[in-house]
1. How do Glu208, Glu270, Glu175, Glu166 line up, fewest other C-beta atoms within 10 Å first?
2. At a 10 Å Cβ-Cβ cut-off, how would you order Leu184, Leu157, Leu29, fewest neighbours first?
3. Dipole size in debye (nearest 20) for the chain around its Cα centre, Lys and Arg Cβ +1, Asp and Glu Cβ -1?
4. Could you give the nm distance between label points at Lys244 and Lys50, where each point is 7 Å from its Cα heading toward the beta carbon?
5. Cross-link partners among aspartates and glutamates for Lys5, C-alpha distance below 16 Å, same-chain residues fewer than 8 apart left out?
6. Explain nothing, just the number: relative contact order of segment 133-258, from Cα pairs under 8 Å at least 6 residues apart, as a whole percent.
7. So for the chain, taking the charge dipole from beta-carbon charges (+1 Lys/Arg, -1 Asp/Glu), which of Leu241, Asn91, Leu35 sits furthest toward the positive end?
8. Which length gain, in nm to one decimal place, applies between Thr233 and Glu174 when the Cα-Cα distance is subtracted from 0.36 nm times their residue separation?
Amino acid sequence: MFFKKKAVTGEKNGVSYINGEVGWHNFSLNVYSYLIDGILIDTGAYSLHKYFKAFIDEADFDQVMITHHHEDHTGNAAYIEKTKKVPIFLNNHSIDYCTKRANYPLYRKVFWGNRKPFQAEAMPDTFKSRTATWDVIDTPGHAFDHKAFLNRDTGQLFTGDLFVIERTKVILTEESIPTIIQSLEKVLTYDFQEVFCQHAGYVSDGREKLTRKREYLLSIQHDVVTMYQQGYTIYEICQKLFPKKYPIIKLSRGEWDSKNIVTSILSENELA
């Protein structure tokens, strides 16, 4: 396979970033890493190592905070461990997993590379950067170990993969729409102004868009439950609510699929 890879760097409201992208034909995936006040948030994918390496080498940071264990967020953690000698923090529940060779499907290795093992420390509930205090917010749903980080002083919220897109159409097999709704409700109880997403980048009107995402998912949840109770099959619900077939469904052999939205809702509501 021939892949096109690129990255851009920039700065937004005191936050430096690198956005790396892997493209194949008309399909592409991207991921951000952020640098603020001596904190590096996520490390990017190993397949984009040469771009993230340059960013990491030039960056001045004292610690690394990782939103969750997925390989597009932890791919360069081993390089940081080797070269920077700074603490890397991760949800306690995924520390052991990351000390071993990563185990995930081939298509993800092709796009994101092979994440090398690294050592991490348990993520605290709060932490301090050079000039600010941060809240660490449990936000599972996309991943069991997912965290969001809020800078109390600036009101900037780093949401990992909690936002990504307002109107979700496909999710991973392991994801849970009801749990994502709960995580959205939790972050919305905090006082924040700006949102930085690991795939969408800077999200203007972040609170409003997170609110709209929550409302959209609640609407989808209601429709799924209602249709299932009316006798529609899972396939029929998918056809009505998500008629478009996205390239990632075929590429991932169903690990990413609209069907996963429906089954996660029915499972959590003890209907399937």
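Derivation of every value follows stated rules applied to the coordinates shown; laboratory data play no part. Here the structure is a predicted model, which is why all the values come from computation and not from measurement. Quick reminder, even Gly has a Cβ in these numbers, built from the backbone with ideal geometry, and neighbours come from all protein chains shown.
1. By the 10 Å Cβ count, ascending, the order reads Glu270, Glu208, Glu166, Glu175.
2. Placing the least packed residue first, the sequence is Leu29, Leu184, Leu157.
3. So the dipole magnitude of the chain works out to roughly 1120 debye.
4. 3.3
5. Those aspartates and glutamates meeting the cut-off are Glu21, Asp72.
6. After rounding, I find 25 percent.
7. Leu241
8. Values: separation 59, 0.36 × 59 = 21.24 nm, distance 2.09 nm.
So the chain would gain 19.2 nm between Thr233 and Glu174.
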